[in-house]
Amino acid sequence: MENTKKDAMDKKRVFTQTPQILRVVDPPHLAFKPLHPNLPAPPTLLLMVSPVKTGKSTIISNLLINDSFYGQDYFDDVKIISNTIANDNTSRFLAKAFDTEDHYDDAMIHKLVEKQKSFKKEEQPSMALILDDCLGSIKREATINHLCSRFRHYNIQLLLISSQNFRAVSPIVRQNATAVIIGSPFPNQKELGKVAEEYGDMFGGAKNWVKIYKLATPERYSFLYMDLAENPPIAYRNFEEVIAIGEKIQKSTQGISADFSDSESDENEKS
C-alpha cells in the first residue's frame, strides 16, 4: 500500500526543465588557438587523395608550418612518415621542423601509442600524425588502419593520410575520415568515379558530386575539400570558398558536365 502511494506521488512530480544533453567542456590542456572555421577542426582524420604532382606536399606544408593554418606551434608533437620526404624538395621545411621517417613500420605506431598511454589522460601531449604516400607499403591489417578508429583516445588531434590512389585506401580509413581532400587534375576518370560513388550520397548523388568537384577545381592545384563533420557536410574550393552545403550547390553549374569518360582506363590506373 505504501509503495502504491509513493508511485502515485512520483507520477505527479513536476519537472521545471526538460532533460538536455550538455557539451562536455574540454580540459584546459586541450585548449587550442582559434582556427579559421573553414579548416578541419581537431580531432580530425583528414584523408587526402590526389594524383602525383598535384600539390599534396604543399598542402601539408601549409597546414603544419603556415600560421594561417595550424602552424608550427599548434600541436605539442608532430610525426611525419613519408616514403618520399628525403627526396621531395617541397617537403624540405617539414623535414627540418618535425620528427620524420622515410618508411612505414607498425613498430612506429606501437611506440607512439605506448608513449601517449604513458601519460595521464589529462597530461597527454597533443599530436599530429602524418602518413604521406605510404599506403602502397602498408598491409590491410597494419596497425595504422586500426588506429584510425581510436586515434582520439591517444590525443592524436590530427591524423592525416594521403594517397595517390583512392582504391589503395583502407575502408576503415575512409569510414572514419571526418575531412577529405580530393586534388586535381584527376586524369583517371574511373578512379574519380569511385570517389563520386563513395561520397555522392552526402551531396545529392554521384552526378551532383562530380559537378561540385569540377566547380571546386577549375585549375591545376585546386582541390575539393569536404568537411564531413558538419551536418549537412560542406564542400569547399580549397579552404577558401563554399561550393555546396549537402546537395545544395552555392554557385552556377552552367556548362559543367557530370559525365565520366570510359576511355581513361588501364593506362591511367597504372600511373
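Key figures
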quantity: Those residues of the stretch 33-61 whose amide nitrogen sits under 20 Å from the label point placed on N238, 7 Å along Cα→Cβ; calculated: 35-41, 47-61
quantity: Accessible surface, per residue, of the stretch 94-187 when the full set of protein chains is kept, probe 1.4 Å, Å²; calculated: 46
quantity: Accessible carbon and sulfur surface of the stretch 140-261 relative to its total accessible area, %, 1.4 Å; calculated: 45
quantity: FRET efficiency, D76 to K190 (Cβ-Cβ, R0 30 Å, nearest 0.05); calculated: 0.10
quantity: Within the accessible area of the stretch 28-82 (1.4 Å probe), percent carbon and sulfur; calculated: 54
quantity: Rounded accessible area of D77 (nearest 10 Å², 1.4 Å probe); calculated: 40
quantity: Sequence-distant residues sharing a close amide H with F223 (under 5 Å, placed H); calculated: N238
quantity: Net charge, A128 excluded, C-beta distance under 10 Å - Lys, Arg +1, Asp, Glu -1; calculated: -1
quantity: Low-density loop positions, trypsin sites (Lys or Arg not before Pro), the stretch 204-246 - DSSP coil, at most 16 other Cβ in 10 Å; calculated: R220
quantity: Phi to ³J(HN,Hα) by Karplus 6.51 cos²θ - 1.76 cosθ + 1.60 over the stretch 100-112, Hz, x for Gly, Pro; calculated: 10, 10, 9, 7, 9, 8, 3, 4, 5, 6, 4, 5, 5
quantity: Contour excess over end-to-end distance, with Cα ends at D102 and A86 and 0.36 nm allotted per residue; calculated: 5.1 nm
quantity: Environment charge at I85 (Cβ cut-off 10 Å; Lys +1, Arg +1, Asp -1, Glu -1); calculated: -4
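The values are calculated or read from the model by the stated rules, or taken from the named source; none is laboratory data. Fair warning: this is a prediction, and the values are worked out from it, not measured in the lab. Heads up, the Cβs are rebuilt from the backbone with ideal geometry, glycines too, and the neighbour counts pull from every protein chain shown. Accessible surface is based on the protein model in full, side chains and every heavy atom, while ligands, DNA and RNA are left aside. Shrake-Rupley method; radii C 1.70, N 1.55, O 1.52, S 1.80 Å.
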